[in-house]
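Worksheet for the structure shown next.
The values are calculated or read from the model by the stated rules, or taken from the named source; none is laboratory data. Bear in mind the structure is a predicted one, so any value in this text is a computation, not a measurement. Neighbour counts run over all protein chains shown; Cβ positions are idealised from the backbone, glycine included. Ligands, DNA and RNA are stripped out before the accessible areas are found, and what is left, the full protein with its side chains, is counted by its heavy atoms. Shrake-Rupley method; radii C 1.70, N 1.55, O 1.52, S 1.80 Å.
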Amino acid sequence: MFWKQSDRDKSESHRDKRAVNLQNLKEMLSNMEDAEIIERETNNSEKIIFIYIRTLINQERLNEAIVVPLIQSSYASVCDCITNSKVSILSTLKEAETQLLFGSVLVFNQKQNVWCSVPLKNTTGRSIETSETETILYGAKDSFSEQIETNITLIRRRLPKTELKVEKFTIGTYSETTVMLMYIDGLTNPEFVKIARNELTNINFDLFFDSSQIAAFMEDHHHSIFPQFLQTDRPDVCAYSLVMGKITMLIDNTPFALVAPITFFHLLQSPEDYINRWPVASFLRGLRYISFIISITLIPFYVALTTHHYEMIPLQILYVLVESRSKLPFTPFWEAFLMLIILEIIKEASLRMPTKSSQTLGVIGGIVIGQAAVEAGFASKVLIVLVGISTIAAFLCPNYLLTKANTLIQFIFLIFSSFMGIIGIALGMIGILAHLNGLTSLKQPYFAPVSPFYGRDWLDLFIRGPLIWMKRRPEHLRTLQKWRYRSRR
Amino acid sequence: MKHLKPVLLIVILSSNIFFTGCSPFVDNNEIEEIAPVTFWSINPGAGGKLEISTLGPPLVKEHKRLLSLKVDLLKQGGKDFNLKYYRELKSGQLRMVLINEELAKKGIMPIINTLLTDPDISQRLYLVIVKGNFDEYIKNQVKSQPNLDYFLYRMLRHYEKKKQGEMSIINLHQFKKLLYSPFSDPILPVFKAQQTNFIYHGTAIFKDDYLKGIAHGVDDQIFQLVNNDYYLKFLPIPKYSVVLGNIRSKVHKKMNENDSKLSIRIDVNGRIEEYRGAKDIQNSIELEKFNKEIETYLEKQTLDLFKNLQQLQADPFKIGTLTLGPISKPMSEKEWLKHWKTLKVNVDYNIKIHPLTSVHE
């Protein structure tokens, strides 16, 4: 493996050093159907060669901004004729390759023997649409698209400050993915920026087509089920995070930006928290925490109580449970396990199925999971109700990745509860808490401000305190500017 | 060194589990395979044996039947029930233990201790003394009222809550506290089991674990007012053709300096709910007179109750605690009981009655 890598590196460095000329370019673009090499003569009878990749450039602009002005011009320099704003002179073949693949047109003037590149990137893609993954009722509706430039615009509009810095990184040996690291100079802790820069520079992989892959390479704990970067497609969330002292990374060709460092509690916060009245927002946030706990423990509790701790069930409920379970062939564990697996199959299918088929899925799911399972004696009525509650509770979590993690935690707790009952669930909880306590996001504690303890940050933790009281930036982010408002002096 | 931390953690966690009483050997408690028992009825059997009964299956909608056994020991009954029934009868949901009056007279300490030491049995378990044959009552009623045991439990639970003011409901934990504390004797509710009726009869008064007497009728009502709830929804006094309602009491007990005289002042606040007598209670002078008569009546009744308790040498009102002082040497329980028998008691009622109608001067 080692010699192969070093061989490839050698050929790369060789290409870097080669001079840009027509022969080398033709060699490089051989067998590329969408590569075009066009020769034209100007009014001055000068020979001009245009090289570009048809599928990557805006062909209408090619004629308007380059071909027509050049052929009809009487200027001495090619660069002067071109109406496009940014023209650069090329010297190496590597430069020429990069420019071509990023949607530039290479222009060669034989008389002057100059190769220059003119960016004419094809910006075909989605327009700005409403976020589908993080929907809110009130507040801004725009969301990121696959075009990184547009995404930066959406953030810049919200933070029109020169302190908002954007650093460019190119990662992926084949995908050459552009990553824009954004932070607010003089506010964000420089340590975060330094760590992010290092991590981005050290990434060595061939292809990246989503931000989660980049997050996977930058994460401190690769085997954890908890996301250590917040993935969001909402520009308002990014802008808020930047102002709070976090860093944001925008990735080309994906609408999802990465925000770090985050804590576990960020995953249970929604942008709407800052739009609602604070008592309402606090109530809803509390509901989300309760729902998170319900979604991971409700079914395991059912199994623990019906398998081990019948004496803990209130007599009235025990009456219903015994009645409901009296004719079932499965033990509570297998009953719950099967139902949860079926539910996961239906949930996964509903994501993959075409929209028109989803109605069929709804009907089948409803009948199979609901009535038929009970009538066939596969599951008890009580379990069906509990499965329904825990599934809906899981969806209260605003972060989809955490919702998926919930399912896995639920299965682990289920196994623990079937063996050890409530002690098993307690052990599982201890394990999860210990794991969360050990996690870090961009080398910062993941369970802050609970552990380590930052008392002031609790104002925006389990409750969302009134905005007029939240005058300080979160302490755990150790920002350079602690206060959120400017002194009147 | 690298593995020291996780090993230490595992050792601490497992010690926490095993040394705090959590057994690693778990029973099979799947609810569809067991039959949780909600009550045990314990009667004296022939030859010093115990007759123990319960309903099986206690919860499922199946035909219920009374399971009865003659055993030497309580736990033996718990075990032998399983041999008579296709599901394992478990005592983790035991909510009521009904003890026959005759058995209670012989002492119930072994039964109480057995219940207390069983980790499966909760201390939120109602203890009831039954006058009559409870098994007979269950047999007669089980067809018409299949969930009889459940409703009985709900009734006890309802009256256990404060300010219901009707019954002396005591659970195992409270009984234990009264039994094992110095200067106090336990009480229990008494129910009368007839062919088709199960009626609250009064309050059983114990001397240690022996049933010594039953306060019923007005005595039981006074018991509620002076000791249990300090509240009565209704207090019918047929002698004066009156029913007092919503009665709240404040009891002030005081022992004199040489512990020879006990003074009890009871402030009672209530209203006349019903009156069928000949007095004109709309007249304030008549009402005042009537008030005095009721006070005298209640004072006499309370004094009689105290005299009875003194004779029984039982102290359910924890009067003995009044002899304790911060620097004086406490009496032994034996000494106190001797003293209690001869103690002078003075009862003074201070009743405020609201007539519910306008009163003329």
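By the scheme Lys and Arg +1, Asp and Glu -1, what is the net charge of all other residues having a beta-carbon under 13 Å from that of B:Ile52?
Taking every Cβ under 13 Å from that of B:Ile52, the sum is +1.
By the equivalent-ellipsoid construction on the alpha carbon gyration tensor, the stretch B:31-215 comes out with semi-axes of 25, 19, 16 Å, ordered largest to smallest.
Rolling a 1.4 Å probe over the heavy atoms of the protein chains gives the stretch A:277-444 an accessible area of 48 Å² per residue. Neighbours of B:Asp72, meaning other residues whose beta-carbon lies under 14 angstrom from its beta-carbon, give a summed charge of +2 when Lys and Arg score +1 and Asp and Glu score -1. Estimated from the Cβ-Cβ distance and a Förster radius of 25 angstrom, the FRET efficiency linking A:Ile89 and A:Glu60 is about 0.50. Relative contact order, whole percent, for the stretch B:213-297 stands at 21, derived from Cα pairs under 8 Å and 6 or more residues apart.
Helix A:148-158 and the longest principal axis of the Cα set of chain A meet at an angle near 70°. Positive contributions from Lys and Arg (+1) and negative ones from Asp and Glu (-1), summed over other residues with Cβ under 14 Å from the Cβ of B:Tyr153, come out at +3.
Considering just Cα atoms, how many Å³ per residue does the convex hull of chain A enclose? Working shown, then result.
Numbers: hull volume 103.6 nm³, N = 489.
Output value, Cα hull per residue: 212 Å³.
Taking 1.306 mPa s as the viscosity and 10 °C as the temperature, the Stokes-Einstein diffusion coefficient of the stretch A:109-174 based on its alpha-carbon Kirkwood radius rounds to 101 µm²/s. For the stretch A:277-444, the relative contact order comes to 42 percent (Cα pairs under 8 Å, sequence separation of at least 6). Remark: for residue pairs B:Lys212/B:Lys239; B:Lys49/B:Lys131; B:Lys105/B:Lys253; B:Lys176/B:Lys207; B:Lys233/B:Lys254; B:Lys233/B:Lys261, the C-alpha separation exceeds 24 Å in B:Lys212/B:Lys239; B:Lys105/B:Lys253; B:Lys233/B:Lys254; B:Lys233/B:Lys261. Computed on the Cα atoms alone, the convex hull of chain B gives a volume of 228 cubic angstrom per residue. Taking 15 Å as the straight-line reach from the Cα of B:Lys329, the aspartates and glutamates in range (excluding those fewer than 8 positions away in the same chain) are B:Glu257, B:Asp259. With the convex hull constructed from alpha-carbon coordinates only, the stretch A:277-444 shows a mean projected area of 12.7 nm² over all directions.
Taking the 1.4 Å solvent-accessible surface of the protein assembly as shown as the whole, the part contributed by carbon and sulfur is 57%.
Each residue of the stretch A:347-357 is assigned a 3J(HN,Hα), and the resulting list reads 5, 5, 5, 5, 6, 8, 6, x, 4, 5, 8 Hz, derived from the Karplus form 6.51 cos²θ - 1.76 cosθ + 1.60 (θ = phi - 60°), x at Gly and Pro. When only Cα pairs below 8 angstrom with a gap of at least 6 residues are kept, chain B shows a relative contact order of 12 percent.
Check the straight Cα-Cα distances from A:Lys482 and name the lysines below 29 Å, setting aside those fewer than 8 residues away within the same chain. Partners found: A:Lys161, A:Lys165, A:Lys168, A:Lys194, A:Lys246, A:Lys443, A:Lys471.
The B and A chains share an interface that buries close to 2300 Å² of accessible area, total over both sides, probe 1.4 Å. Of all lysines in the structure, those lying under 21 Å Cα to Cα from A:Lys381, and not within fewer than 8 positions of it along the same chain, are A:Lys327, A:Lys347, B:Lys61. Per residue, the Cα convex hull of the protein assembly as shown amounts to 312 Å³. The mean accessible area for residues of the stretch B:37-190, using a 1.4 Å probe and ignoring ligands and nucleic acids, is 42 Å² per residue. With the helix formula -39500 (n - 2.57) applied to DSSP H stretches of n ≥ 4, chain A reaches a computed 222 nm mean residue ellipticity of -13500 deg cm²/dmol. By the Kirkwood approach, averaging reciprocal distances over each pair of separate Cα atoms, the stretch A:148-262 gets a hydrodynamic radius of 14.0 Å.
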